[in-house]
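Down below is the structure, laid out as structure tokens.
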Amino acid sequence: MLIPKNNANQMRTRILIKIAESYLENKFKDADRIPLELRPKEQQPSRCCIYKDRAVLKYRCMASLGFSPEEETDELTTLREYGEKALERTKPEPAQLCVIDVACSACIKSQYMVTNACRGCFARPCQMNCPKEAISFVNGRAHIDPDKCVSCGKCHEVCPYHSIIRIPVPCEEACPVGAITKDEFGKEHIDHEKCISCGKCLQSCPFGAIVERSQMIDVLKLMHDTDKKVVAMLAPAVVGQFPGEITQLVSALKKAGFDDVIEVAVGADITTQKEAAEFIEKMQSGEKLMTTSCCPAYYRAAQVHVPEIKPFVSHTKTPMYYTAELVKQQDPSCVAVFVGPCLAKRAEAEYDPNVDYVLTFEEMGAILVASGINVDECEPEQFGVMSYAQGRQFPLTGGVAGAVVSLVGDKADIRPEKIDGLSRENIKLLKRYATKGCENNLLEVMCCEGGCISGPGCIALPKKAARSVEAYVAKGEDLSKK
Amino acid sequence: MDKITVKICSGTSCFVMGAAQIQALEFTPPADIADKIDIIEVRCMNLCKDTHAKYNRGPFVTVDNELIEEATYEKVVTKIRDVLKNKECQ
């Protein structure tokens with residue numbers, strides 16, 4: 001489950017802002033003060049004491065500087081030193097989600113528990129329905145034998161008093177592919193072979209113990225300390241992520257140091273055209289099913305966890321790919337930075353020679369705040385290339401399929417279906433569709449429920465962002481009439 | 001009774017630091033205060049530029065002109081309930 005409106009998210013943004021400020025002010029000279037500034041002495045601690053709070057903050061700062069807390073070799077390495085090391089980097093570190101082990105509260109293993117709402121009733125449906133005879137009655141109350149319990153949840157379903165609860169482990173529950181598990185001390189670890197970089201664990205941990213390596217400093221350095229031309233490629237989900245008009249954001253980003261700004265929706269238009277053509281060709285040659293391919297978390301999940309679906313995944317490249325290709329055709333020497341809502345895009349960028357760096361909207365926001373830029377006060381500036389309605393609707397669930405359908409028209413029999421959110425259930429569903437067939441023939445798969453506007457790198461509320469995106473789509477011209 | 005005016009700063013700084021999340025009040029306000037508040041998104045109130053503060057204390061929200069620093073959804077809802085209670089006492 002994702003938890004909106006929470007302190008852990010807010011703190012993550014603050015840290016990013018502080019790190020960006022620290023770079024801009026004096027290249028991390030005072031970076032070691034950041035944990036103290038964010039947790040001053042007079043404040044109530046959120047963990048056991050302010051010292052632990054600050055220790056965790058230091059690890060989170062490390063991640064914001066682009067280091068994985070897992071890689072720590074000397075605990076006495078200061079943030080200033082990490083900052084200086086970050087500035088020596090010439091290429092981004094590989095994307096990686098990681099658990100800060102001191103912050104992980106080692107939640108108890110997920111289990112069913114009888115609460116004191118149990119009345120020890122006469123019917124005792126919990127006992128009668130337990131397939132493993134794990135329930136006995138002690139002192140007039142149900143008791144679950146942990147050695148026998150298989151966590152099937154029958155007792156939880158049948159209790160007339162709702163007295164049996166399930167205590168989940170939030171990150172394990174959120175991970176759709178079982179990549180995060182406990183070690184012998186109860187602390188969580190991420191298996192990087194299994195991880196699809198979707199970021200659901202990071203969004204769901206109530207202790208803010210999961211972080212990922214940021215590339216924010218790398219981009220800041222390129223903009224401020226080199227002569228390189230840095231181009232921002234804004235994912236279609238950007239609409240509504242910052243107050244003010246999208247045209248104002250263009251000039252705001254130029255003020256912040258980008259040399260050019262282009263919409264990835266332009267690449268999404270190309271994806272739509274190619275995917276529609278591919279669909280028509282596939283159906284004509286007798287194939288029964290095709291799935292979209294633009295969600296990198298789904299794409300990786302298909303490779304690693306649902307091999308059955310692999311033959312059905314579209315070969316069309318993602319909007320990021322086509323946009324970066326355009327950017328590099330114009331100027332092969334420039335630095336192409338994708339800015340989006342997605343953590344899995346960082347992993348995708350590693351395999352895309354044209355994409356140099358990936359930032360989240362949150363990191364972009366931190367750069368704007370640290371640079372003292374208010375988007376709302378910037379002059380409007382048009383994009384050089386305009387996008388169409390089709391490409392603009394990619395970040396909404398149903399949007400990619402909708403765009404493809406509009407271009408296929410009556411050239412093929414097209415029956416779209418959307419898989420809204422890559423949950424465990426939906427992964428099972430994908431397996432079933434791949435092996436037993438599906439009554440529809442175009443599957444749109446999005447890892448984040450609601451689409452990219454709910455991605456872990458977003459700032460705005462998904463509902464509100466969806467409205468802005470819809471309004472922007474309505475203003476776009478129809479690609480099928482081009 | 002007059003509605004309470006809740007102004008949420010939508011300057012970039014406040015928005016990024018958490019005002020975006022406080023906007024949830026527009027969509028799913030708690031039932032007890034839902035019809036007693038007017039939510040207004042305002043442009044930068046320039047409070048973030050106050051150089052006396054050691055660091056930016058945004059996001060800023062005002063509830064009937066009472067200022068909330070480092071506002072969170074929770075803090076704002078609590079303040080609204082307080083103001084409502086005071087109004088009833090008067």
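How much length is gained on full extension from A:F383 to A:A412, taking 0.36 nm per residue of separation minus their Cα-Cα distance?
7.0 nm
For chain B, which cysteines have no disulfide-compatible partner, meaning no other cysteine Cβ under 4.7 Å?
B:C44, B:C48, B:C89
So for the range A:8-54, averaging the separation of alpha carbon pairs under 8 Å that are six or more residues apart and normalising by length, what relative contact order in percent results?
Answer for the range A:8-54 is 23 percent.
Find, among the GluC sites (Glu not before Pro) in chain B, those assigned to loop by DSSP (not H, G, I, E, B) with at most 16 other beta-carbon atoms within 10 angstrom.
Answer by residue number: B:E69, B:E70.
How high is the FRET efficiency between A:E42 and B:T78 when r is their beta carbon distance and R₀ equals 25 Å, given to the nearest 0.05?
0.80
Can you pull the one-decimal nm distance between simple spin-label points at A:N116 and A:R33, each 7 Å off the Cα toward Cβ?
Going from the A:N116 label point to the A:R33 one covers 5.0 nm.
For chain A, what does the helix formula give at 222 nm: sum of -39500 (n - 2.57) over DSSP H segments with n ≥ 4, over the residue count, nearest 500 deg cm²/dmol?
Result for chain A: -11500 deg cm²/dmol, rounded to the nearest 500.
Mind checking the dipole of the range B:4-89: about its Cα centre, +1 per Lys or Arg Cβ, -1 per Asp or Glu Cβ, Debye to the nearest 20?
Value, rounded to 20: 260 debye.
Three principal axis extents, largest first, for the C-alpha atoms of the range A:367-433, in Å?
Principal extents (Cα only, largest first): 51, 34, 14 Å.
In debye, nearest 20: dipole of chain A around its Cα centre with unit charges on the Cβ of K, R (+) and D, E (-)?
Approximately 1560 debye in magnitude.
Determine the shape class of chain A: with a ≥ b ≥ c the square roots of the Cα gyration tensor eigenvalues, call it rounded for a/c under 1.5, and otherwise prolate if a/b is greater than b/c, oblate otherwise.
Since a/c reaches 1.5 but b/c is at least a/b, the shape of chain A is classed as oblate.
Order of A:E275, A:E281, A:E133 from fewest to most other C-beta atoms within 10 Å?
A:E133, A:E281, A:E275
With +1 on each Lys and Arg Cβ and -1 on each Asp and Glu Cβ, and nothing else charged, work out how big the dipole of the range A:293-345 is about its Cα centre, in Debye to the nearest 20.
About 80 debye.
May I ask you to derive the relative contact order of chain A, considering only C-alpha pairs under 8 Å and at least 6 residues apart, and to give it as an integer percent?
17
Please go through the range B:19-90 and write out the trypsin sites (Lys or Arg not before Pro) that DSSP classes as loop and that have at most 13 other C-beta atoms within 10 Å.
Listed in order of number, the matching sites are B:R43, B:K54.
If we count chymotrypsin sites (Phe, Trp or Tyr not before Pro) as exposed when they sit in a DSSP loop and have at most 12 other beta carbons within 10 Å, what is the longest stretch of chain A that avoids them all?
A:186-350
Between the range A:240-283 and the range A:300-344, what is the separation of their alpha carbon centroids in Å?
Result: 13 Å between the Cα centres.
Using label points projected 7 Å from each Cα along Cα→Cβ, tell me how many nm separate A:K482 and A:E184, to one decimal.
Output for this residue pair reads 6.0 nm.
Alpha carbons only, please: Rg and Dmax for the range A:218-481, in angstrom.
So, for the range A:218-481, Rg and Dmax equal 18.2, 57 Å respectively.
Taking just the alpha carbons, could you work out the radius of gyration and Dmax for the range A:111-167, both in angstroms?
9.7, 26
How high is the relative contact order of the range A:58-115? Use alpha-carbon pairs under 8 Å, at least six apart in sequence, and give a whole percent.
Rounded, it is 37 percent for the range A:58-115.
What is the sum of charges around A:N441, taking Lys and Arg as +1, Asp and Glu as -1, for the other residues whose C-beta is under 15 Å from the C-beta of A:N441?
-3
What ranking do A:M113, A:M62, A:M11, A:M364 get, fewest neighbouring Cβ atoms within 10 angstrom at the top?
Ranking A:M113, A:M62, A:M11, A:M364 by Cβ neighbours within 10 Å, fewest first, gives A:M113, A:M11, A:M62, A:M364.
If you take the alpha carbon radius of gyration of the range A:1-100 and divide it by 2.2 N^0.38 Å, what ratio comes out, to two decimals?
Taking N as the residue count of the range A:1-100, the ratio is 1.09.
Laboratory data are not the source of any read-out in this text; all were calculated from the coordinates shown. Since this is a predicted model, take the numbers as computed values, not measurements. Glycine also receives a Cβ, built like all others from the backbone with ideal geometry; neighbour counts cover every protein chain displayed.
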